[in-house]
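J.: Sharing a structure below in structure tokens format, with a few things to ask.
Just so it is clear, none of the values below were taken in a lab; they were calculated from the coordinates. Bear in mind that the values here come from a model prediction, so they are computed numbers and not experimental data. For neighbour counting, all protein chains shown are included, and Cβ atoms are generated from backbone atoms with ideal geometry for every residue, glycine included.
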Amino acid sequence: MESKKASASLIASTYFTSLSEVNGLVCNSEPTRATMNQREQQKQATRMALSEAAIDLFCEHGVEATRVEDIAASVGVTPRTFFLHFPTKHAAAFPDHEERVQSFIASLDELSAVEHPIEALKQTVLAGIRTITSSSLRRKRYQLLRSIPEFAGIDIVHDLDYEAAIIDHLTTPASNSGPVSADEMFAARNTASSILGLSRSALTTWAEFPDFDPVRAIEEGLDALLLKPSECR
């Protein structure tokens, strides 16, 4: 059983392993580094460098005092190049949301082929949290979330994509045998929102208290929140 769980954890972690990393900021993307041409690699590197510079400047000077020109200049590019990557300076703090959601869904899909959906969900969530907490830059971003309403709002909107993915994952087995009932949909929505609330609480606490272990906290929270596969129908 432990070997099976370790294998599941490894599968999940592969979807959150950096394929393009600039100074610790992780971003998953397709195609992989091996098949990306030089131009694509440079574009990705510039995007991540702009994001890193933006977060550092936001932390040092505040968002309002930081101009797009400042972010671009710190990376050695023009504001026009900045806007090729991000529509606003706030967006630069969230450079890889779409890629991470796709990685999350891919992990759920692959793990579900070998694990119970509940175990697949748990391992995927924990793998994502481990990736987040391996980056000092992501810690800075969560510090910003606590103090800047605009960032907190963007993060909440982004969580809707994860919520939809979790709901779909939990209701797919039921939908394969017929229409999803109101009770099944309510349970899936409640589980999804609870997981996201748990993760947000743990990560914002981690951003404030360096000794706090968000992975342990979330794992314990998931154990309390989710039924064990043997308890599921």
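J.: Just how large is the dipole of segment 30-93 about the Cα centre, in debye to the nearest 20, putting +1 at every Lys and Arg Cβ and -1 at every Asp and Glu Cβ?
T.: Values: 7 positive and 8 negative charges, 65 e Å.
With Lys and Arg at +1 and Asp and Glu at -1, about 320 debye.
J.: If I stretch the segment between S147 and A65 completely, what's the gain in nm (0.36 nm per residue apart, minus their alpha carbon distance), one decimal?
T.: Values: separation 82, 0.36 × 82 = 29.52 nm, distance 1.48 nm.
Computed gain between S147 and A65 is 28.0 nm.
J.: To continue, here is another question. Between M185 and F83, what is the label-to-label distance in nm when each label sits 7 Å out along the Cα-to-Cβ direction?
T.: That separation, rounded to one decimal, is 4.2 nm.
J.: Quick check: net charge around A54, other residues with Cβ under 14 Å of its Cβ, Lys/Arg +1 and Asp/Glu -1?
T.: Here the count lands on -2.
J.: Which residues' amide hydrogens lie under 5 Å from the amide hydrogen of F86, considering only partners 5 or more residues apart or on another chain, with H built in the peptide plane?
T.: none
J.: Taking the highest mean first, how do the peptides 59-68, 108-117 order by number of other beta carbon atoms within 10 angstrom per residue? Write out the running numbers ahead of the final one.
T.: On the way: 59-68: 13.7, 108-117: 17.4.
Ranking, from highest mean packing down: 108-117, 59-68.
J.: Taking K122 as the anchor, which aspartates and glutamates have their alpha carbon closer than 12 Å to its alpha carbon, excluding any fewer than eight residues away along the same chain?
T.: E219, E220, D223
J.: Right, something else. What nm value, rounded to one decimal, do you get for the distance between S74 and L227 when each label is placed 7 Å out toward the C-beta?
T.: Label-label distance for S74 and L227, simple model: 4.9 nm.
J.: Apply 1/(1 + (r/R0)^6) to the Cβ-Cβ distance of S193 and A91, taking R0 = 25 Å, and write down the FRET efficiency to the nearest 0.05. Could the numbers behind the result be given before it?
T.: Details: r = 25 Å, r/R0 = 0.99.
For S193 and A91, the calculated efficiency is 0.50.
J.: If the only charges are +1 at each Lys and Arg Cβ and -1 at each Asp and Glu Cβ, what is the size of the charge dipole of segment 96-231 around the Cα centre, to the nearest 20 debye? List each step's numbers first, then the result.
T.: Working: 12 positive and 22 negative charges, 96 e Å.
Here the size comes out at about 460 debye.
J.: Calculate, in nm to one decimal, what A113 and E220 gain on full extension: separation in residues at 0.36 nm each, minus their alpha carbon distance.
T.: 36.1 nm
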